1. How many nm separate the modelled label positions at B:A210 and A:A263, each set 7 Å beyond the Cα in the direction of the Cβ?
2. Below 8 Å, C-alpha to C-alpha, sequence gap of six or more: please give me the relative contact order for the stretch A:111-188 in percent.
3. Could you rank the peptides B:29-36, B:163-170 by their average count of other C-beta atoms within 10 Å per residue, with the highest value first?
4. When A:L127, B:L135 are ordered from fewest to most other Cβ atoms inside 10 Å of their Cβ, what list results?
5. Among B:W77, B:W70, which comes first, second and so on when ranked by fewest other beta-carbon atoms within 10 Å?
6. Under 8 Å for C-alpha pairs, at least 6 residues apart: give me the relative contact order for the stretch B:126-235, rounded to a whole percent.
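What follows is calculated from the coordinates using simple rules that are stated; it is not laboratory data. Keep in mind it's a predicted model, so treat the numbers as computed, not measured. All Cβ positions, even for glycine, are placed from backbone atoms using ideal geometry, and neighbour counts span all protein chains on display.
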Amino acid sequence: MILILFFFLAPVVITAVMGFTNMDYRFQWDFIGLGNFYRMANDFLVPKILVNTVVYTFGTLAIFNVTFGLILALLTTSISERVGLFFRALWLLPRFTPPVVYAAIWLWILSPTKNGLLNGIRVAMGLKPIAWISEFPWGVIIVTNGIIGASMGMLIFTSAIKAIPRDYLWAARVDGASWFQEVRHIILPLIRWPLMFITAYQTLSLLTSYEYILLITQGGPFHASEVWSLYAYNKAFSAYAGTYEFGYAAALATVLVLIGTVASIAYWKIFRFREMMAAPRIEVS
Amino acid sequence: MAKRGFTPGSLQRERRKQRLLRTSMYVFLVVSSLPIIVGYIWLFVGAFTGNLVYGFVPEEFTLKNWSFLWKPPSAAWPNIWRTFANTVFLAAGVTVIMVVVSTSAAYVVSRMYFPGRSMILASTLILHAFPAITLLIALYYILRALGLLDSLWGVILVRAGLMVPFGIWVMKGFFDDIPWDIEMSALIDGATRFQTFWKVMLPLVKPGIAAIAVFAFMAGWAEYIFLVTFVRDPNSWTLSSYINAIIGNYRFTNYGLLAAVSLFYMFPVLLFFLLTQKLLMKVTVGGIKGGR
C-alpha cells in the first residue's frame, strides 16, 4: 500500500500543484497562479497539437483498435482453430516486443534511404525513394500504434464471440444465413458491451500514449505528429530543446487528465455503462 | 432467379461460395499481417547479412554485426554484458517486488475484513487509469529528492509500483476462487494465519503467481520510457537504452547492427512468448495490461 501511495497518489498531487508553479531545472517552487494556463491559451502550438491529438486518437481508434480488432476477431474465429490461434499470436507479438525493437523494425521499413524496405522496393521498380516518415507523419503514427492497439480489441472480442452459444449460429446457418448476415444480425448485437468498453478504454489509452511516437517520428517534422502527451513530455524532458520546464509541463499534463476525465464521463453517459455495472460482476465489499 | 432446393447443382454452388469466402479470409489475414511478418523476419535476416540489396534481398552471410558482443561500437558505450546484466537485474527486481507485494496484498483484501477495504480496491482501479505522463514529471521530482535518479532501483520501484494494482486484481481473483473451508481446516488444525498463507494458500495460487511473474518480467525487460527519462548514466544502461543510442547515433545507417542488437534483446522475449502465449492471452483478457 505504501508503494501505491508513494508512486500514484503523491505524484498526482505533486503534478497538480506543480502546474501552478514556474519550476525549471533548479527545482524551486515559485507559485505563479494561473500563469501556465494563460501561457497555454496563447501558445501558438497548442491548437495544432490539439488537432493532432484528436486526429491521432480517433483515427487510430476507429481504423485499428476497434474496426481492425473486430475484423481480426471475426476472421480468426471463423477459420480453423489452429490457424486462427497462429494469427492471434502473431498480432499479439508486437505488444510484447520491447518498444525500441518495434520502433527499430519500423525505422527499417520506412527508412528514407534506399536501404529500407519500402524504398528498396521503389528503387527496384525504378522509382525514387520517399522520406515516408516526414511525408506522411500522421499515417505513420496511426499505423504503427494501431498495429499494437488492435491486439487488445482482438483478444476481448474473440473471447466475447467464443462465449456466444453455438446454437444461435447453427440455427442461423440452418435457416440459410450467410456469414455476413450471421455477423451482422447475431454476433455484433451480442458483443455490444465489449465493443463499447474497448472504445472507451482505448480512447483513454491513446490519449496518453506517446512512447512509440517519441521513438519513431519524435513528434516531427515541425510538430506535425506531436500529440498532447508528447508535447508535455518534451517540455519537461526533451534532450534537444533542453528546457526542463517542469511547471508548464505539469500544467499540460493536468489539462490532459481533465480531458481524459471529461471523455470518460461522456462515454459513461453515452454508452450507459451503469446498466452494464448493474449485472453483479465484481464483488467489491 | 435460380430455383431453390437441394439440387446437386445448388449444393455445389453453395460449397464453392463457402470456399471462396474462406480463401478470401485467409488472403486478407495474410496480407494485413505482412508488415508484422516481414518485420520480424528482417530481424533474423538483417542480423546476419551486410547491406541488403534493394533493402530486402540478402547478399552474403556475415557475423560482423555481432562484434558488439566483444567490442562496443562506440568507445563511450558500456560493455554489452554489463548492459545485459542490468536488464536482467531490472526485470528480476520488478518481478520479485511486484509478486511479493501484490500476492500478500491480494490475500489480505480477499480474506480479511477491515475498514476501508472497498475503498482500497476501488482506488487501485481508479489509479490504474492515471496516465504515465502525468506521473512522470512528479516521479522525476520524487526520485530526485530520494537520490534515486540515475539508478536502476528507482526504475524498479516505479515500474513495480505501477504494476501492483494490476497484480492485486489478478491475484485477488485467484484467492477468491479458493473455498474458505480449506483455510478453516488449516486454522482449526492449529496453523497460524501466516502458516496458512504460506503452506496452504500459496501452493494453490501458483498459476496466478506464474502469470503475474511472466507479465512483470516482460514489462521490466522491455521497460523504455522510465529508463531513458530517469537514467542517463551509461553504467546503468539496459538493452533498451543501448538500442535507443544506436537509433540516435546511426539513425537510418547501420541497419545490420540495429537488427543484431534487437535480436539479442528480443531472444528471451521470443522464447517466453512461444512458451506462454496462451497464458498471456488469458491474463490480458482477465486483467488489463498496463500502459495501453
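1. Each label point is offset 7 Å from its Cα along the Cβ direction, giving 3.7 nm.
2. Result for the stretch A:111-188 is 17 percent.
3. B:163-170, B:29-36
4. Numbers: A:L127 10, B:L135 24.
Placing the least packed residue first, the sequence is A:L127, B:L135.
5. Least crowded to most crowded, the residues run B:W70, B:W77.
6. It rounds to 42 percent for the stretch B:126-235.
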